[in-house]
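The values are calculated or read from the model by the stated rules, or taken from the named source; none is laboratory data. Values in this document were obtained by computation on a predicted structure and should not be read as measured data. Heads up, the Cβs are rebuilt from the backbone with ideal geometry, glycines too, and the neighbour counts pull from every protein chain shown.
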Amino acid sequence: MDAASMLIGHEHPWETWNAAMAGQRMHHGWLLAGREGLGKASFALEAAAKLVAEPGVPQPPALHHPDILVLEPLPANDDEAKKRDDGRPYARKRNINVDQIRTMLHRLHTRPTLGARRAVIVDAADHLEKGAVNALLKGLEEPPQGTFFLLVVHQLGRLLPTVRSRCQVLRFRPLDNQEMNEAVSLSAPELDAETRAAAIAVAHGSPGAALTFATQDLGRPLALLRQILRTGDPDLGLRGELGSALGARPDRERLLATIEAARTVLAEEVTQAGADNRLAIIAAHQHLVDLAREVPTHNFDPGLLVMEIGGLLARAARTRAGATSR
């Protein structure tokens, strides 16, 4: 995603970060917290570049800076590693492992290369293996002089209290519609107005989620989800069409984008629903929130998950003459 677009709406985090840098004793650990797709990792890179820069010393780009260490899930396998090395999109493992953290901690025994400070970015800290979290705690408890940790966090509640207690929390808010339109237009100017509007509606203030929706071509699945909630799906036919529209083996990103689309459909309906049906819609929405939390770290059968998503909307469908749900 375009770097400039991912920094839209970050005025308050920048104010907090700049004030901390101007202070006499800057905290060594920071949690960059907010929903996925808000640009927290892009902010971390820009903030780290400002932190490690030395006056009068030429600075390389943040991604290639020797004093900025970025930890993220490794390629899923050798083929995906080759794609990464070729500059192509690649699939990643689900977690950051303990060996990555240990390697990073070993590097901290050396002095920074270009100045007095070093930054460690973990993207994302809620994707750390259990052993990796324990290893990271050692660095947070006794950080070397001049070392600062920026931990990107999508779900703050998943972090151990021992990690949270050693860090300052820097919160990132969802963008409003005007900011979303600006961010998505900058990153994907080729999108037509209808696709852009649909993507923004589904994304709940996350430009990254909007772009994922747009690139996943979810127009037909979105229409099917709306139809299921409107009419029910007593013979499972619409859920079958939904599965076909999403493909035989949709990947995690496509499944997560579908869950976000289903949440949006429910949110659109809840204000118009009767009291009894409103409770069913709220319950279905909460179930989807739970699924979105689990999909990145659990193994789901894609076909069954798609049926479950459709089933949640079918059960929440409004009762109408000639329309029932199962």
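Can you find even one residue in the range 107-116 that is assigned by TED's automatic domain parsing to the domain that holds LEU38 and part of a strand (DSSP E or B)? Break it down stepwise before answering.
Of the range 107-116, the ones assigned by TED's automatic domain parsing to the domain that holds LEU38 are 107-116.
In the following step, the residues that additionally are part of a strand (DSSP E or B) were identified as none.
Looking through the range 107-116, none of the residues is assigned by TED's automatic domain parsing to the domain that holds LEU38 and part of a strand (DSSP E or B).
Return the residues of the range 166-223 that are touching a residue at least 40 places away in the same chain (Cβ under 8 Å), in contact with a Pro (Cβ under 8 Å, 6 or more places away or on another chain) and of a type outside the set (D, E, K, R); say none if nothing qualifies.
Those that are touching a residue at least 40 places away in the same chain (Cβ under 8 Å), in contact with a Pro (Cβ under 8 Å, 6 or more places away or on another chain) and of a type outside the set (D, E, K, R): LEU170, PHE172, LEU175, ALA183, VAL184, SER187, HIS204, GLY205, SER206.
In the range 128-153, which residues are small (Gly, Ala, Ser), assigned to a helix (DSSP H, G or I) and surrounded by fewer than 18 Cβ atoms within 10 Å (Cβ to Cβ)? Give the steps one after another, and end with the answer.
Step one: of the range 128-153, the residues small (Gly, Ala, Ser) are 131-132, 135, 139, 146.
Filter once more, keeping what is assigned to a helix (DSSP H, G or I): 131-132, 135, 139.
GLY131 - this is the single residue of the range 128-153 that is small (Gly, Ala, Ser), assigned to a helix (DSSP H, G or I) and surrounded by fewer than 18 Cβ atoms within 10 Å (Cβ to Cβ).
Quick one: is LEU160 in contact with a Phe, Trp or Tyr (Cβ under 9 Å, 6 or more places away or on another chain) and either surrounded by fewer than 16 Cβ atoms within 10 Å (Cβ to Cβ) or at pLDDT 95 or above (or both)?
Criteria not met by LEU160.
Could you pull out the residue among ALA210, ALA283, ALA245, ALA314 that is in a helix (DSSP H, G or I), at pLDDT 85 or above, within 22 Å of ASN177 (Cβ to Cβ) and among the small types (Gly, Ala, Ser)?
ALA210
Would you be able to tell me the number of residues in the range 68-97 that are surrounded by fewer than 13 Cβ atoms within 10 Å (Cβ to Cβ) and in a helix (DSSP H, G or I)?
4
Could you tell me how many of the residues in the range 269-303 are touching a residue at least 12 places away in the same chain (Cβ under 8 Å) and of a type in the set (D, E, K, R)?
As a first pass, look at the range 269-303 and keep what is touching a residue at least 12 places away in the same chain (Cβ under 8 Å): 269-270, 273-274, 277, 280-285, 287-289, 291-293, 295-297, 300, 302-303.
Next cut, of a type in the set (D, E, K, R) only: 269, 293.
Here the count works out to 2.
Looking at the range 50-67, is at least one residue surrounded by 14 or more Cβ atoms within 10 Å (Cβ to Cβ), touching a residue at least 60 places away in the same chain (Cβ under 8 Å) and either on the phi > 0 side of the Ramachandran plot or in contact with a helix residue (DSSP H, G or I) (Cβ under 8 Å, 6 or more places away or on another chain) (or both)?
Yes: the range 50-67 contains one or more residues that are surrounded by 14 or more Cβ atoms within 10 Å (Cβ to Cβ), touching a residue at least 60 places away in the same chain (Cβ under 8 Å) and either on the phi > 0 side of the Ramachandran plot or in contact with a helix residue (DSSP H, G or I) (Cβ under 8 Å, 6 or more places away or on another chain) (or both).
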